[in-house]
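Visitor: A single structure is presented below for examination.
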Amino acid sequence: MQKALVSIAVAASLGLGATAAQAAILDDVKAKGFIQCGVTGGVAGFSAPDSNNVWTGLEVDFCRAMAAAIFNDADAVRFTSLTSQERFTALSAGEVDVLSRTTTWTMSRDTQLGISFVGTMFYDGQGFMVRKEDAIDSALDLSGAAICIESGTTTELNAADYFAANSMEFNTVVFVDQDEVVKAYEDGRCDVYTTDSSALAAERSKFANPDDHIILPEIISKEPLGPVVRAGDTQWFNIARWTYFALLEAEELGVSSANVDEQLGSDNPAIKRLLGVEGEFGAPLGLDNAWAYQIIKLVGNYAESYDRNVGPDTPIGLERGLNALWRDGGIQYSPPIR
């Protein structure tokens, strides 16, 4: 009996400790008054600063949406530029509260690094960019090419797999930072530049003569890019995950930054739950019941963010493709808020 009582006491103690630990990140973030968000060194459309050091991009908007949910202030966020080698260490060490940095969700990362992927903000795939003057039409014509690659990424492994599977040889020219990779390609130090196709389009849009470069048709990998948080804090994970889902749910229900105030009077039960008019969905997150309203009002829905950052009318010019909602031929999908 005594042993049983001791076991119960220990279990209860561990349970209370776990609860306290789970609330730690939100408490810390509220105490300092902002979210620290880990981003790239500058990938147009995803996370990049302008001349005034104002950050914009699809992944920047995710962090701004979290700030809106927590503080009702989308500007209550600071950005830390991280290389591929630095990003997971910075997240694990608590230097950033969330990582929103073109990071591919893989099994090894999800199970071995003490981190949790929130969802897939952008479904991508690895591609190849070459100079038009080289008259290369297919990645199958790249045997023997010198390829510029950023180290510490899935890009290296994917390229090795692709060339091996097709019995081709290649020479890697490896750099630590993405900017170094781009510069090396522009300077002619390699024949090919490979990374996620979205990043290829983003970098090409910044070239002096974008039309002198083509992205080959082959997509050689699955690259689900998404935000990441430290493992072990269920509340913080849920805040991040449902921020992502709220962006999608708002688009599906037709709620935007332009009409969200009008939609407060909607008769649609799903919209009422999303905007906090009915139900108590903020409390389990430790947030105000208007958390999703605040996201939509201050940042917009997923479509608004996509269109202004990487969509067809931007210099990057990406169609929605897989990133369209499930009803529109894509695979973006939010569980119901109920």
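Visitor: Given R₀ = 45 Å, FRET efficiency for residue 53-residue 267 by Cβ-Cβ distance, to 0.05? Before the final figure, lay out each step's value.
Guide: On the way: r = 44 Å, r/R0 = 0.98.
Efficiency, from the Cβ-Cβ distance: 0.50.
Visitor: Same structure, new question: For the chain, what is the percent of antiparallel DSSP beta bridges, rounded to the nearest 5?
Guide: On the way: 19 of 35 bridges.
Bridges in the chain that DSSP calls antiparallel: roughly 55 percent.
Visitor: Return the distance in nm (one decimal) between the two label points of a simple spin-label model at residue 93 and residue 326, each offset 7 Å from Cα along Cα→Cβ.
Guide: For residue 93 paired with residue 326, the spin-label model returns 4.0 nm.
Visitor: What are the principal axis extents of the Cα atoms in segment 123-222, in Å, biggest first?
Guide: Computed over segment 123-222, the largest-to-smallest principal extents equal 35, 29, 28 Å.
Visitor: Can you give me the % of accessible surface on the chain that is carbon or sulfur? Probe 1.4 Å, all protein chains present, nothing else counted.
Guide: On the way: 7720 of 15110 Å².
It is 51 percent, rounded to a whole number.
Visitor: Follow-up. For the pairs 132/222; 30/206; 222/297; 30/183; 132/183, note any where the Cα-Cα span goes beyond 29 Å.
Guide: Numbers: 132/222 26 Å; 30/206 38 Å; 222/297 33 Å; 30/183 40 Å; 132/183 17 Å.
Violating the 29 Å limit, Cα to Cα: 30/206; 222/297; 30/183.
Visitor: Would you kindly state how much longer the chain becomes between residue 218 and residue 166 on full extension, computed as 0.36 nm times their sequence separation minus their alpha carbon distance, in nm to one decimal?
Guide: On the way: separation 52, 0.36 × 52 = 18.72 nm, distance 1.29 nm.
Separation in residues times 0.36 nm, less the Cα-Cα distance, equals 17.4 nm.
Visitor: On C-alpha positions alone, give me the angle between the axis of helix 154-165 and the longest principal axis of the chain, in degrees, nearest 10.
Guide: For helix 154-165, the angle is close to 50 degrees.
Visitor: Of the peptides 301-311, 217-227, 26-36, how do they stack up when ordered by the mean number of other Cβ atoms within 10 Å, highest first?
Guide: Numbers: 301-311: 21.6, 217-227: 19.1, 26-36: 15.3.
Ranking the peptides 301-311, 217-227, 26-36 by packing returns 301-311, 217-227, 26-36.
Visitor: Taking every DSSP beta bridge that has both residues in segment 123-222, what percent is antiparallel when rounded to the nearest 5?
Guide: Values: 8 of 16 bridges.
Of the beta bridges lying entirely in segment 123-222, close to 50 percent run antiparallel.
Visitor: By how many degrees, between 0 and 90 and to the nearest 10, does the Cα long axis of helix 2-22 differ from the longest principal axis of the chain?
Guide: The angle comes out at about 60 degrees.
Visitor: Here's something else I'd like to know. Would you list which aspartates and glutamates come within 12 Å of residue 32, measuring only between C-alpha atoms, while excluding same-chain residues fewer than 8 positions from it?
Guide: Cross-link targets: 97.
Visitor: Determine the relative contact order of segment 238-338: mean sequence separation of Cα pairs under 8 Å and six or more apart, normalised by residue count, in whole percent. Walk me through the numbers on the way to the answer.
Guide: Numbers: 130 pairs, mean separation 31.1, N = 101.
The normalised contact order for segment 238-338 reaches 31 percent.
Visitor: Residue 101: net charge of surrounding residues, Cβ under 11 Å, Lys/Arg +1, Asp/Glu -1, itself excluded? Intermediate values should be presented prior to the final figure.
Guide: Working: positive: 87; negative: 59, 86.
Taking every other residue near residue 101 into account, the sum is -1.
The values are calculated or read from the model by the stated rules, or taken from the named source; none is laboratory data. Please read all numbers here as calculations on a predicted model, not as lab measurements. All Cβ positions, even for glycine, are placed from backbone atoms using ideal geometry, and neighbour counts span all protein chains on display. To get the accessible areas, we keep the full protein, side chains included, count just its heavy atoms, and leave off ligands, DNA and RNA. Shrake-Rupley method; radii C 1.70, N 1.55, O 1.52, S 1.80 Å.
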